[in-house]
Amino acid sequence: MRQRQFMRWQWEIKPESAWFEWNWKEIWNYRHLLLRLIRRDFLTQYQQTLLGPAWVVIQPLVTVLLYVIIFDRVVGISTNETPPTLFYLSGIIIWNLFAESFSGTVYTFTANAPLFAKVYFPRLIIPFSVTASHIIRFFIQFLLFIGFYVYNLYTGTVSFNLLYSLVAVPLAILVSAGLGLGAGLALSVFLAKYRDLTNLIQLTVRLLMFATPIIYPLSIVPDKIKAIMVYNPLVPVIEFFRVAFLGEGTTSGIQLAYSAASVIVIFFIGSILFNKMGSKLIDVV
């Protein structure tokens, strides 16, 4: 009996979770798992493929080629004074980071239900690892962009702004990856319960791509439509990226601040929903 009086609980597992509960210390303690998952995500993506990681470069190259043929040569959409290859590639690499981070995060519960049911670890580790692996892909594709950019810089067809470029690259990563992560966290909760949302989500992402100036410059958009488009947080970031590297674009400091604030709000809401509802969805999935 005396021995029982000195016993203390080491862990206590409860189904309840608070709305505002972020255990960042626990996530830090699982950092080695995070690194292993990042490595796993990157390697499994290209296992049993003929070209392996080369697809990271081939995909944007083929997309740019199709855009140049269809939108530049056939349709005749102007890219102003910017070389079409650089114009399309600058939008594609930023959009890919958002779209792939979002699509990888939104299926967190449906894709990892067996793992969640067997082993405990902070659930946020999975979406963090997915987003981090796509950031690695972004850097590889950004090197491809730099290769084309250096050639055009040498020929004098583009201008370079060092200060803007030092801000544009990290801002593009934070906004596009953060927006994809935050929106994916929020919608993953609902997708786990209502599977038919998959079609709606895929359709929305496709439509959002056309509402983002990837295949056309924002300057050719009518003012009434442009006033609505700038509420898309990706729009000011892509335009600023083009201003920094291509000398073409339409944006302002207020719009960039809006993009940054939108990402913070969306990630905040998404992480709240994910933490609150995540522990209750295992049985549902």
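When ALA244, ALA192, ALA227 are screened for being modelled with pLDDT under 90, of a type outside the set (S, T, N, Q) and more than 30 Å from ILE27 (Cβ to Cβ), only ALA227 passes. Looking across the range 217-273, the residues that are open to solvent by 40 Å² or more (accessible area, probe 1.4 Å), β-branched (Val, Ile, Thr) and under 30 Å from PRO122 (Cβ atoms) come down to ILE264, VAL265, ILE266, ILE269.
Of all residue pairs spaced 6 or more apart or on separate chains, those with beta-carbon atoms under 7 Å, a first member in the range 147-168 that is farther than 22 Å from VAL237 by Cβ and a second member that is open to solvent by less than 70 Å² (accessible area, probe 1.4 Å) are THR157/PRO83.
Checking the condition touching a Gly at 6+ places or on another chain (Cβ under 9 Å) and not aromatic (Phe, Trp, Tyr), which residue from ALA172, ALA186 passes? Write out each step before concluding.
On the way: ALA172 fails: touching a Gly at 6+ places or on another chain (Cβ under 9 Å).
It is ALA186.
Restricting ILE58, ILE93, ILE69 to residues that are part of a helix (DSSP H, G or I) and touching a residue at least 40 places away in the same chain (Cβ under 8 Å) narrows the list to ILE93.
One line per residue, one yes/no per condition, for (1) open to solvent by less than 40 Å² (accessible area, probe 1.4 Å); (2) assigned to a helix (DSSP H, G or I); (3) in contact with a Leu (Cβ under 7 Å, 6 or more places away or on another chain); (4) not hydrophobic (A, V, I, L, M, F, W, C):
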position	(1), (2), (3), (4)
VAL62	no, yes, no, no
GLY76	no, no, no, yes
THR105	yes, yes, yes, yes
ALA111	no, yes, no, no
VAL130	yes, yes, no, no
HIS134	yes, yes, yes, yes
PHE139	no, yes, no, no
PHE142	yes, yes, no, no
TYR151	no, yes, no, yes
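Of all positions in the range 261-273, none carries a residue that is at pLDDT below 90 and outside any helix (DSSP H, G or I).
The values are calculated or read from the model by the stated rules, or taken from the named source; none is laboratory data. None of the values given here were measured: they were computed from a predicted structure. We place every Cβ from the backbone using ideal geometry, glycine too, and count neighbours over all the protein chains shown. Quick note on the areas: whole protein, heavy atoms, side chains included, nothing else; ligands and nucleic acids left out. Shrake-Rupley method; radii C 1.70, N 1.55, O 1.52, S 1.80 Å.
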